Ligand code: SF4
């Protein structure tokens, strides 16, 4: 799972939904992914974050 930084508009939605995985980068004004692999117990939250990402920038979650 990763964020397409061409699409991310930095609205922090993913960060609010799942701060364990998505961190908002104040300097770049986009969110970054903190983990290489999404832990199983966070998969649902990451899925929700991807659904709430308006530009569809969170990709790779089946
Ligand atoms: S929800 Fe999508 S657009 Fe918003 S900060 Fe996260 S990746 Fe970027």
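The values are calculated or read from the model by the stated rules, or taken from the named source; none is laboratory data. Source: prediction; values computed, not measured. Virtual Cβ from ideal backbone geometry, glycine too; neighbours counted across all protein chains shown.
Data for the structure
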| quantity | calculated |
| --- | --- |
| Scope region 44-62; condition out of contact with any strand residue (DSSP E or B) (no Cβ under 7 Å at 6 or more places or on another chain), surrounded by 12 or more Cβ atoms within 10 Å (Cβ to Cβ) and at pLDDT below 95; matching residues | 61 |
| Number of the condition not met by residue 28 [criteria: (1) within 11 Å of the ligand (Cβ to nearest atom); (2) part of a helix (DSSP H, G or I); (3) exposed (fewer than 13 other Cβ atoms within 10 Å of the Cβ)] | (2) |
| Residues within region 31-55 that are part of a loop (DSSP other than H, G, I, E, B), under 18 Å from residue 9 (Cβ atoms) and within 10 Å of the chain's Cα centre (by Cα), tallied | 1 |
| Subset tally (residues that are near the ligand (Cβ under 8 Å from one of its atoms), part of a loop (DSSP other than H, G, I, E, B) and either in contact (Cβ under 8 Å) with a residue 60 or more places away in the chain or surrounded by 17 or more Cβ atoms within 10 Å (Cβ to Cβ) (or both)) for region 12-24 | 0 |
